[in-house]
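The values are calculated or read from the model by the stated rules, or taken from the named source; none is laboratory data. Fair warning: this is a prediction, and the values are worked out from it, not measured in the lab. Glycine also receives a Cβ, built like all others from the backbone with ideal geometry; neighbour counts cover every protein chain displayed.
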């Protein structure tokens, strides 16, 4: 039995899972929302790991929002996690737990988990919709780290002054909802209102979906993946999103592992020694 802990650190939540030979045994979560110092969120991180810990654990994989130097095990930039920029997570956690620790971006973790279920796909794009918009790309079993394919930074139309991330995230949904309703509407409530048939919520999601399809078109033109996988917190409302994507000509699919994809993918690190696409297509 091979035990590993996978952790997905987001701007509002830390999700963790203990896996045995790829199977989830237990899960744990902690809140980072509102924490303004590294010591606070790091304490939450270690609490989640401690909850999952067993003496037989052989490694810990961490995926996190922001930019990561995987080789050094350092978060190089994290706008949504105060104090995490230049945080030496690998060194801190290896000292505490005395097992190998591997670090990557959260979208990469989600991509690794989902790619293991898509053996026939040569090229895959992962999009994660949370506080911000994350993305990662796989081609012939290798990560493609190219700024041209950092989809969050792309403009959806030549005349746009904003980027994809500024219209395709939970933050963007809340901002559009506030303009539409004249008051703050949280994302879960917005989904609820849309399910009830409120016209204003419908308009917000129609704009969101139009932007999403525009992003699909850019990804198709520039990268031509066999699958575009949609994950992250917003996609917990996939029943709503899917109604607006009917007839969409692009090869999108929702993450099989849902909001746990990042944590599961974290246990697949390090990526340089993995062989991909050996599983069964789902």
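Can you pull out the residues in the range 155-176 that are in a helix (DSSP H, G or I) and either in contact (Cβ under 8 Å) with a residue 12 or more places away in the chain or touching a strand residue (DSSP E or B) at 6+ places or on another chain (Cβ under 8 Å) (or both)?
164, 165, 170, 171, 172, 173, 174, 176
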For the range 1-11, which positions are part of a strand (DSSP E or B) and more than 19 Å from the chain's Cα centre (by Cα)? 3, 4
Can you tell me which condition residue 224 does not meet? The list is (1) touching a helix residue (DSSP H, G or I) at 6+ places or on another chain (Cβ under 6 Å); (2) part of a loop (DSSP other than H, G, I, E, B), and all the others hold. (1)
Just checking, does the range 46-63 include any residue being buried (at least 17 other Cβ atoms within 10 Å of the Cβ), within 28 Å of residue 170 (Cα to Cα) and free of Cβ contacts under 8 Å to residues at least 40 places away in the same chain? no
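With respect to residue 243, determine if the residue is under 22 Å from residue 130 (Cβ atoms), surrounded by fewer than 16 Cβ atoms within 10 Å (Cβ to Cβ), in contact with a helix residue (DSSP H, G or I) (Cβ under 7 Å, 6 or more places away or on another chain) and outside the structural domain of residue 10 (by TED's automatic domain parsing). Give the derivation first.
On the way: under 22 Å from residue 130 (Cβ atoms): yes; surrounded by fewer than 16 Cβ atoms within 10 Å (Cβ to Cβ): yes; in contact with a helix residue (DSSP H, G or I) (Cβ under 7 Å, 6 or more places away or on another chain): no; outside the structural domain of residue 10 (by TED's automatic domain parsing): yes.
Considered against the rule, which asks whether it is under 22 Å from residue 130 (Cβ atoms), surrounded by fewer than 16 Cβ atoms within 10 Å (Cβ to Cβ), in contact with a helix residue (DSSP H, G or I) (Cβ under 7 Å, 6 or more places away or on another chain) and outside the structural domain of residue 10 (by TED's automatic domain parsing), residue 243 comes out as no.
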When restricted to 136, 87, 152, 110, the only residue surrounded by 18 or more Cβ atoms within 10 Å (Cβ to Cβ), free of Cβ contacts under 8 Å to residues at least 24 places away in the same chain and in contact with a strand residue (DSSP E or B) (Cβ under 6 Å, 6 or more places away or on another chain) is 152
Residues to consider are 39, 95; find the one that is modelled with pLDDT under 95, over 17 Å from the mean Cα position of the chain (by Cα) and part of a helix (DSSP H, G or I). 39
Quick check: is even one residue across the range 12-28 more than 17 Å from residue 84 (Cβ to Cβ), in a loop (DSSP other than H, G, I, E, B) and over 18 Å from the mean Cα position of the chain (by Cα)? yes
